[in-house]
Amino acid sequence: MVARHVHPDSIRDLFSRAMSDMYRAEVPQYGTLLELVADVNAVTLRADSALRAMLEQGCEIERLGIERHGAIRLGAAQELFDMRRVFAVMGMYPVGYYDLSIAGVPVHSTAFRPIAEGALRRNPFRVFTSLLRLDLIEDLALRAEAEAILAARQIFTPRVLELVDVFEAEGGLTRPEAEEFVRATLDTFRWHSVATVDLDTYQKLHRTHRLVADIVSFKGPHINHLTPRTLDIDAVQAGMPQCGITPKAVIEGPPRRKCPILLRQTSFKALDEPIAFSHSAGNVASGTHTARFGEIEQRGVALTTTGRSLYDQLLATVRRDVQLGALDPNAVAYEVELSERFQSFPDDWAELRRRGLAFFRYSATATGLTSSPCCESLCELIARGFLRFDPIVYEDFLPVSAAGIFQSNLGTDEQKNYSAHSNRGQFEEALGAVVQDELELYEKGEKVSLERALKQLGSPQIAFA
Ligand code: OOG
Ligand code: NI
């Protein structure tokens with residue numbers, strides 16, 4: 001990058017705002033949800049000064065109002081490869097591998113997102129990106145047909161790919177190039193009310209899996225939801241019906257807690273939208289397609305491997321004991337059970353830190369900086385108020401929750417059991433890169449913050465304990 005180039009963080013910011021405007025114009029319920037979330041966040045911040053202070057410390061207040069994640073589903077290896085290059089222009093890189101075949105969804109996924117602390121602060125826009133696993137379509141003739149349809153489409157305009165070439169060759173884009181890139185790239189994510197296949201083919205694909213029809217039948221990977229971040233998901237969930245929006249019955253993820261962990265999400269069901277299908281005789285047949293929905297989320301602290309295993313284990317026991325269907329869930333029983341089982345997950349920042357269950361960002365306090373403390377240990381620095389620690393927000397996704405969101409949007413309890421499982425190698429080969437390990441990123445963030453703070457306090461010798 002040289003001086004005439006626009007910083008990738010700025011391109012991402014431009015893009016995420018343009019995407020939000022487009023989705024708002026296309027799906028009015030999204031606009032309603034944004035207003036509800038903004039109201040709830042304002043009320044929550046007014047009522048909870050400790051939360052406000054914590055978010056201010058982590059520079060999260062500024063990003064809260066613009067924070068979104070979206071999701072797209074791709075059909076072919078080349079599309080994922082090009083998508084990686086497109087997101088790199090916006091400073092977004094693949095983090096994490098999510099295998100959804102275990103949940104009966106024939107895709108595997110990653111999240112494209114910014115990584116550096118400053119980049120996340122500027123705009124943490126992320127896109128959950130799935131790739132269809134054609135190898136999971138059992139009907140070989142249909143598999144070949146889907147493959148041929150996908151091979152014939154080009155989801156990016158030639159200009160987008162030209163600008164990606166320029167970015168890669170020059171190390172950046174100029175202002176006019178960046179603006180053109182944002183406009184041209186947005187087109188890839190647009191909704192198409194005209195299918196590229198006929199109704200017959202659509203129905204055949206649909207019978208294999210609704211998601212296969214969604215991915216194969218259109219010109220491009222329409223953005224299927226855009227999710228704002230709330231500070232109180234229960235309040236938004238409760239407020240949705242008054243705004244004419246029916247949420248799914250249960251909130252995915254951990255229960256409500258004093259110290260939020262990972263990610264809690266809820267969504268409203270996908271819309272039934274009119275589609276024109278091509279017809280062999282050249283005329284069109286009309287039908288509908290459901291793909292686009294709305295979602296909100298509340299983010300909490302990132303968990304360490306130990307914390308994450310405890311989370312996975314507790315969640316699994318609840319899901320094993322309380323059968324949860326997407327259509328007619330045993331919602332109340334599930335929530336009661338969830339809260340009860342999570343009693344054994346510490347709900348106190350100090351204890352989460354002491355037991356190594358969550359990641360924190362350390363900083364020297366004003367007192368620490370002025371009094372050159374002489375302390376023996378980290379605990380002493382904290383106890384004497386020289387060092388503070390704040391939760392590192394979880395920037396990623398949860399496979400069980402993602403599967404729950406996929407299921408509820410498919411509008412069925414449809415469960416397919418695919419025999420082939422995780423295939424990270426195949427995914428990374430298509431991507432043309434390896435996905436980064438999210439745990440390593442959090443761990444590094446914590447370590448860097450601690451080393452910096454200890455150095456400022458003149459106690460660099462104190463070990464992390
Ligand atoms: C993606 C569903 C996953 C989330 O927030 O977990 C997701 C999709 O439906 O394509 O967005
Ligand atoms: Ni989502």
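On the given criteria, is residue 295 closer than 18 Å to residue 394 by Cα and at pLDDT below 95? Yes; evaluated as a whole, the condition is true for this residue.
Filtering the range 13-54 to residues that are closer than 17 Å to residue 235 by Cα and not in a helix (DSSP H, G or I) leaves only 48. In the range 65-76, the residues that are closer than 17 Å to residue 87 by Cα and of a type in the set (Phe, Trp, Tyr) never reach a residue that is at pLDDT 95 or above and away from ligand 2 (no atom under 16 Å from the Cβ) with C-beta atoms less than 6 angstrom apart, at least six apart or across chains.
Yes/no per residue for (1) over 21 Å from residue 292 (Cβ atoms); (2) within 22 Å of the chain's Cα centre (by Cα); (3) away from ligand 1 (no atom under 12 Å from the Cβ):
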residue: 212; (1), (2), (3): no, yes, yes
residue: 216; (1), (2), (3): no, no, yes
residue: 231; (1), (2), (3): yes, yes, yes
residue: 243; (1), (2), (3): no, no, yes
residue: 246; (1), (2), (3): no, yes, yes
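Here is the figure for the range 229-274: residues that are farther than 16 Å from residue 342 by Cβ and not basic (Lys, Arg) total 26. Listed by position, the strands (runs of 3 or more DSSP E) inside the range 266-371 whose residues that are away from ligand 2 (no atom under 16 Å from the Cβ) and either more than 23 Å from the chain's Cα centre (by Cα) or not assigned by TED's automatic domain parsing to the domain that holds residue 30 (or both) number at least 2 are 272-278, 284-290, 360-364. Answer yes or no as to whether residue 73 is among the charged types (D, E, K, R), under 17 Å from the mean Cα position of the chain (by Cα), more than 17 Å from residue 164 (Cβ to Cβ) and at pLDDT below 95. Judged against the criteria, residue 73 is not a match. Screening the range 400-413 for residues that are assigned to a loop (DSSP other than H, G, I, E, B) and surrounded by 14 or more Cβ atoms within 10 Å (Cβ to Cβ) and picking the one that is modelled with the highest pLDDT gives 411.
Would you check if residue 10 is surrounded by fewer than 20 Cβ atoms within 10 Å (Cβ to Cβ) and either at negative phi or not in a helix (DSSP H, G or I) (or both)? Here the answer is yes, as residue 10 does meet what is asked.
Output the residue which, of all residues in the range 174-200 that are assigned to a helix (DSSP H, G or I) and modelled with pLDDT under 95, is surrounded by the fewest Cβ atoms within 10 Å (Cβ to Cβ).
Residue satisfying both the conditions and the ranking: 200.
Can you tell me which residue in the range 76-111 is nearest to ligand 2 (Cβ to nearest atom), limited to those that are of a type in the set (Gly, Ala, Ser) and more than 14 Å from the chain's Cα centre (by Cα)? Applying the filter and picking the extreme gives 103. Would you check if there is a residue in the range 90-101 being at pLDDT below 95, in contact with a His (Cβ under 9 Å, 6 or more places away or on another chain) and surrounded by fewer than 20 Cβ atoms within 10 Å (Cβ to Cβ)? Within the range 90-101, one or more residues are at pLDDT below 95, in contact with a His (Cβ under 9 Å, 6 or more places away or on another chain) and surrounded by fewer than 20 Cβ atoms within 10 Å (Cβ to Cβ).
Go through the range 242-265 and give me each residue that's within 14 Å of ligand 2 (Cβ to nearest atom) and either of a type in the set (D, E, K, R) or surrounded by fewer than 18 Cβ atoms within 10 Å (Cβ to Cβ) (or both). Once the filter is applied, which keeps residues that are within 14 Å of ligand 2 (Cβ to nearest atom) and either of a type in the set (D, E, K, R) or surrounded by fewer than 18 Cβ atoms within 10 Å (Cβ to Cβ) (or both), the range 242-265 yields 248, 252, 264.
The values are calculated or read from the model by the stated rules, or taken from the named source; none is laboratory data. Treat the numbers as computed from the prediction; the structure is a model and nothing was measured. Heads up, the Cβs are rebuilt from the backbone with ideal geometry, glycines too, and the neighbour counts pull from every protein chain shown.
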